[in-house]
Amino acid sequence: MIQNSRIDGLADKIAPDLIGLRRMIHRNPELAFEERATADLLAGKLRSLGLDPKTGVGRTGIMAEIEGTAEGPTIGVRADMDALPVIEATGLSYASQSPGKMHACGHDLHSTILIGVATILASLRSELRGRVRLIFQPAEETLEGAQAMIADGVLEPPLDAILGFHNWPALRAGAVGYHPKVVMASSDAFDVTLKGQAGHAAHPHTAIDAIVGAAAFIGHVQTIVSREVAPSIPAVITIGQIEGGSARNVIAEQAVLKGTVRALDAAAPVQIEAAMRRMLAGLGAAMRLQTAIEWRRLAPVLQNDAATLGVVLGAARAVLGPDNVVELATPSMGSEDFAWFAERVPAAHLRIGSKIDGLDTELHRANFNIDDRAITTGVRALTSAVLALSAAKP
């Protein structure tokens with residue numbers, strides 16, 4: 001087994017270059033499926049390591065493999081690349097130069113960490129069993145990129161295990177966190193259309209008011225979680241967008257409502273969808289409205305595979321120290337399309353501590369920033385995890 005001191009030494013050696021790379025990516029953010037310049041930059045880094053990256057996977061993603069010198073498993077490591085439509089307010093010297101776009105979720109950090117992992121593993125390939133598949137994914141923020149890459153064959157030939165990770169600004173730099181089983185919630189999207197009959201505001205009895213129907217629907221669906229889903233199952237229904245009406249004195253003929261459903265149990269979204277369809281049908285009959293609903297599954301529940309996570313945590317404790325591997329109290333109700341990979345392949349997902357002391361921030365905020373120490377922490381933990389998995393898997 002490769003000594004952790006060697007991983008530490010290599011990580012420290014490349015740290016300045018990785019910090020520079022992360023800042024370069026941060027300065028030039030690109031939104032979902034627009035990550036062409038980012039992909040070109042990262043592909044160039046991979047080629048400089050003697051690798052042969054395949055570009056355009058899942059439209060703008062990258063895949064590359066590092067071959068070991070002995071037979072063994074294929075271990076995947078995935079990082080995301082896309083930014084958010086956020087106006088940056090950090091005041092950093094390397095702040096976004098693309099108006100209205102920002103790496104406000106740390107995907108610049110994630111891509112940089114994976115380049116660091118690739119750099120160390122490429123130098124240690126003579127001691128690597130099997131192979132490592134590096135996956136740079138587009139469009140995580142829209143929960144579309146993982147499925148696009150899967151459709152393009154990124155999981156073929158099949159992987160034996162896959163690692164995912166995300167920075168966590170609530171966790172101190174130098175540490176990694178984990179959830180024992182469920183990591184993040186599923187995400188489903190729904191679009192509801194209510195059609196009535198337009199009319200004059202002074203004569204409501206001659207019309208069928210879609211907006212009144214929308215108001216009733218909003219109230220009804222909020223009872224699903226409180227009265228139909230078991231209290232022990234975290235779930236939330238959010239209607240975040242309403243479109244309807246054309247003037248203050250015209251009764252609206254149509255209203256469109258758009259929202260999401262998130263849950264930490266795979267059965268809950270199925271139950272919620274059925275209840276929502278039932279309520280919508282009843283509302284249509286009661287209020288004389290034509291109704292329609294479109295439902296899309298954006299991401300399943302993200303869960304760790306116990307055996308894979310056990311190996312990863314053992315490797316992380318060995319390289320970072322036991323006190324720097326922290327069990328986190330509760331899963332996140334946010335969603336991550338890494339879950340599509342984890343649904344198909346034994347997976348483990350880590351949180352990389354990125355907290356800057358004194359900075360009050362969260363993911364997706366305009367003032368978001370990370371402690372640079374998160375780069376080498378992630379590189380050390382993930383490199384050690386890959387090598388441990390390659391040794392443990394048959």
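The values are calculated or read from the model by the stated rules, or taken from the named source; none is laboratory data. Given the structure is predicted, the values throughout are model-derived calculations rather than measurements. We place every Cβ from the backbone using ideal geometry, glycine too, and count neighbours over all the protein chains shown. The accessibility values were calculated without ligands, DNA or RNA, using every heavy atom of the protein model including side chains. Shrake-Rupley method; radii C 1.70, N 1.55, O 1.52, S 1.80 Å.
Summary of packing: across the peptides 210-216, 317-323, 101-107, the per-residue average of other C-beta atoms within 10 Å ranks them, highest first, as 101-107, 210-216, 317-323.
Pairs of lysine residues in the chain that meet both criteria, 8 or more places apart or on different chains and Cα atoms under 29 Å apart, total 14.
Converting phi to 3J(HN,Hα) with the Karplus coefficients 6.51, -1.76 and 1.60 and the offset θ = phi - 60°, the range 197-202 yields 9, 5, x, 6, 4, 7 Hz in sequence order, with x at every glycine or proline. Only DSSP H runs of four or more residues enter the estimate; each adds -39500 (n - 2.57), and after division by the residues of the chain the mean residue ellipticity at 222 nm equals -11500 deg cm²/dmol. Can you figure out the FRET efficiency of Trp295 with Arg125, using R₀ = 56 Å and their beta-carbon distance, to the nearest 0.05? That pair, Trp295 with Arg125, gives E of 0.75.
Taking Ile218, Ile75 and ordering them by how much accessible surface each has at a 1.4 Å probe, largest first, produces Ile218, Ile75.
Spin-label model, His364 to Ala202: label points 7 Å out along the Cα-to-beta-carbon direction sit 4.5 nm apart. Normalised size of the range 1-104, defined as Cα radius of gyration per 2.2 N^0.38 Å with N residues, equals 1.27. Derived scalar couplings between HN and Hα for the range 352-367 equal 9, x, 10, 4, 9, 4, x, 9, 8, 8, 9, 4, 6, 8, 5, 9 Hz in order, rounded to whole Hz, by the Karplus curve 6.51 cos²θ - 1.76 cosθ + 1.60 (θ = phi - 60°), x for Gly and Pro. Nearest 5 percent is fine: what portion of the DSSP beta bridges confined to the chain is antiparallel? So the antiparallel bridges amount to about 65 percent of the total. Counting only protein heavy atoms and a probe of 1.4 Å, the accessible surface of the chain is 52% carbon and sulfur. Along the charge dipole of the chain, pointing to its positive end and built from +1/-1 on Cβ of Lys, Arg, Asp and Glu, which listed residue (Gly61, Ile218, Pro157) has its Cα farthest out? Value computed over the given set: Ile218.
Here, the range 313-394 is characterised by an Rg to Rh ratio of 0.99, where Rg is the alpha-carbon radius of gyration and Rh the Kirkwood radius.
A cut-off of 5 Å between modelled amide H atoms, ignoring neighbours fewer than 5 places along the same chain, links Val301 with Ser186. Using only the alpha-carbon atoms of the chain as identical scatterers, what base-10 log of I(q)/I(0) does the Debye formula give at q = 0.08 Å⁻¹? Rounded to two decimals, the profile gives -0.47.
Structure remark: mean-square fluctuation, Gaussian network model of the chain, C-alpha springs under 10 Å; the largest value among Val261, Val117, Val250 belongs to Val250.
Annotation: amide H-H contacts under 5 Å for Ile251 (H modelled 1.01 Å from N, sequence separation of 5 or more, or interchain): Gly199, His200, Ala201.
Residues whose amide H comes within less than 5 Å of that of Val86, counting only those at least five positions distant or on another chain, are Lys101, Met102 (H built at 1.01 Å from N in the peptide plane).
Note that the range 268-285 has calculated 3J(HN,Hα) couplings of 4, x, 5, 5, 5, 4, 4, 5, 5, 5, 5, 5, 5, 5, x, 5, x, 5 Hz, one per residue in order, obtained from phi through the Karplus relation 6.51 cos²θ - 1.76 cosθ + 1.60 (θ = phi - 60°); glycine and proline are x.
At a probe radius of 1.4 angstrom, the accessible area of the range 1-87 per residue rounds to 45 square angstrom.
Surface analysis of the range 193-352 yields an accessible area of 48 Å² per residue, using protein heavy atoms and a 1.4 Å probe. The label point for His220 and the one for Ser246, both projected 7 Å from the Cα toward the Cβ, are 2.7 nm apart. With the simple spin-label model, which puts each label point 7 Å out from Cα in the Cβ direction, the Arg317 to Arg344 separation comes to 3.3 nm. A prolate overall shape is assigned to the range 192-285, the ratio a/c of its alpha-carbon gyration tensor axes (a ≥ b ≥ c) being 1.5 or greater and a/b exceeding b/c.
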